[in-house]
1. Tell me, yes or no, whether region B:54-61 has at least one residue that is open to solvent by less than 60 Å² (accessible area, probe 1.4 Å), touching a Gly at 6+ places or on another chain (Cβ under 6 Å), part of a strand (DSSP E or B) and at negative phi.
2. Of the residues that make up region A:115-132, is at least one of a type in the set (A, V, I, L, M, F, W, C), more than 19 Å from the chain's Cα centre (by Cα) and open to solvent by 10 Å² or more (accessible area, probe 1.4 Å)?
3. Can you say whether B:G272 is part of a loop (DSSP other than H, G, I, E, B), open to solvent by 10 Å² or more (accessible area, probe 1.4 Å) and within 12 Å of another protein chain (Cβ to nearest Cβ), as far as the supplied structure shows?
4. Which count do you get for residues in region B:200-233 that are more than 8 Å from chain A (Cβ to nearest Cβ), open to solvent by less than 20 Å² (accessible area, probe 1.4 Å) and of a type outside the set (A, V, I, L, M)?
5. For a quick check of your reading of the model, give me the residue pairs whose first member lies in region A:254-266 and is facing chain B (nearest Cβ under 8 Å) and more than 18 Å from B:K194 (Cβ to Cβ), whose second is among the β-branched types (V, I, T) and assigned to a helix (DSSP H, G or I), with beta-carbon atoms closer than 7 Å and at least 6 apart or on different chains.
6. Check region B:277-289 and report whether any residue there is under 16 Å from A:L257 (Cβ atoms) and open to solvent by 30 Å² or more (accessible area, probe 1.4 Å).
7. Select from region B:249-259 the residues that are farther than 15 Å from B:T101 by Cβ and assigned to a helix (DSSP H, G or I) and list them in ascending order.
8. With the requirement that a residue be modelled with pLDDT under 95 and more than 22 Å from the chain's Cα centre (by Cα), what does region A:1-32 give you?
Protein chains: 2
Amino acid sequence: MANVGYIGLGLMGAPMARNLMKAGHKLIVHNRSQAIVEELVKEGASSADSPKAVAEQSDFVFTNLPDSPDVEKVTLGADGIREGAHEGLIFIDNSTIKPETARLIAEELEKVGIQSLDAPVSGGDIGAKAGTLTIMVGGNPTTYETALPLLQAMGKNITYIGESGAGQIAKAANQVIVAGTMVAMAEALVLAQKSGVDPARVVEAISRGAAQCWALDNKPQKLFKRDLAPGFKASMQAKDLKIVVDTARTFNTSLPLTAVSHQLFEAMVAMGNGHLDNSAVVTVLEALANTTVQTDTELS
Amino acid sequence: MANVGYIGLGLMGAPMARNLMKAGHKLIVHNRSQAIVEELVKEGASSADSPKAVAEQSDFVFTNLPDSPDVEKVTLGADGIREGAHEGLIFIDNSTIKPETARLIAEELEKVGIQSLDAPVSGGDIGAKAGTLTIMVGGNPTTYETALPLLQAMGKNITYIGESGAGQIAKAANQVIVAGTMVAMAEALVLAQKSGVDPARVVEAISRGAAQCWALDNKPQKLFKRDLAPGFKASMQAKDLKIVVDTARTFNTSLPLTAVSHQLFEAMVAMGNGHLDNSAVVTVLEALANTTVQTDTELS
């Protein structure tokens, strides 16, 4: 069993750290907000005052932070992980950040002997708690093999994608489809509603054919009950789509559909709905069409 | 067993008509191109010289034609189904056309005592042959009950949606999601490719999470082998999306994502690729990013 640091104990990070502890590892945590730190300490973790201090005590150190600058600061900034470098230390980032930032951090940490993996996840807080996350990994294949037992404590579908940053590219591709299906589902529901047709019957009719998707399987029943609680916050979806569009630009790639998805999620944030589930992007389409999706039909 | 007319024996219509015959009905066919008519006559059908003549000999008359004007002409035009009106005749349209055209035809035919159902299908030529189509039905509920045994000979997931035109609305909603998922999948693949990451590994990683969709389950393995044969032709996808966008406008509905999907399929037609499968919309994204999606990895 290893000494494992975890920095960033949010909606995703806290249950992921807990699963590492449950797998028998010694957990050292650090977080801006202290309430969750105290909770995990009660459950058997220890805490450290800085990312540097976490790194010094750990064989593996994980981060799970909102955006690229946060991960850059915690790794390369003052009192950062870099300053806690020691032989054999492996850094694993579970955040969703820019692939180019992931590569930069990996290069900088390698200079002080720290091996890095970018290992963004998909599956939401439910998957994080259940330990069933999808994990997409970039970095050195040997480092991946060494870290795999830890990743298996947190996820189920774990795929090695390629060199540093490749995990983040896979996550970006994932978000292209997740956002596209959410918006397409929302447009389908609004079209049905405005045409005077029961949107629930439409969902029943189309959900087993070529329109089948995770979004259509999981979200309409919640939307019809106006249950818009996250799941996966729209503000995070908007942030991830900004990463996708920026990354596409870096690689001279044009993504017209994703550009629209991105703008619709930005609109959702602008409307003050960024705290809702990403499926609540239907509220943007409803606003554009001056309607509200509703039904008396119970979905089977 | 009934006398059943079928007009429009294309990629979809011919196998659907065949399934009606297999179910024991007497089939009377009519088609512009004669080769398929002769084939079905050899198999036991009879043929008639006009839609009017088909209607005169039938209890039920089906159409399966490319676009709204075709169905309008065959029903309401000279020697059309209207002129073959007789007591108890039911008209069922399996084409994908404008909901407002479906409603207009139903109204006009009702004046001469013909009941109508709009019953567009989804599931492609494979579903048509296997009799496993999804069928979305609009019209009078009693007429639907009367026609249901015939629909069950052609499809598996049959849903009554609502009054005349409601089946076409459901099909429009279906196409919003089918097109959205195809384009999103294509953008994800092109992003991976241009970022220097193996698109097949990305597909493996993301296909079991929130990005899961029929398009991602069924199309990448074909695209990687450059198997772009239809399935469902891109030119028909473009035509269907024009119907969606026109219908949305009729009902004061804004569909920004679908507008982009529509334009990308129109681009595909403009590029001379309208005869390929709708998943080959990846060729448009490839052109926009000056790349070709490829892999040496075999998808599991």
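The values are calculated or read from the model by the stated rules, or taken from the named source; none is laboratory data. Predicted model, so just to flag it, every value in this text is computed and none were measured. Here the Cβ positions follow ideal geometry from the backbone for every residue, glycine too, while neighbour counts run over all protein chains shown. Remember, those area values only see protein heavy atoms, side chains included, never the ligands or the DNA or RNA. Shrake-Rupley method; radii C 1.70, N 1.55, O 1.52, S 1.80 Å.
1. yes
2. no
3. No; evaluated as a whole, the condition is false for this residue.
4. Count: 2.
5. Here the result reads A:V260/B:V260; A:S261/A:V183; A:L264/A:V183; A:L264/A:V281; A:L264/A:V284, each pair linking region A:254-266 to a residue that is among the β-branched types (V, I, T) and assigned to a helix (DSSP H, G or I).
6. Yes - at least one qualifying residue is present in region B:277-289.
7. The answer is B:P256, B:L257, B:T258, B:A259.
8. The one that is modelled with pLDDT under 95 and more than 22 Å from the chain's Cα centre (by Cα): A:M1.
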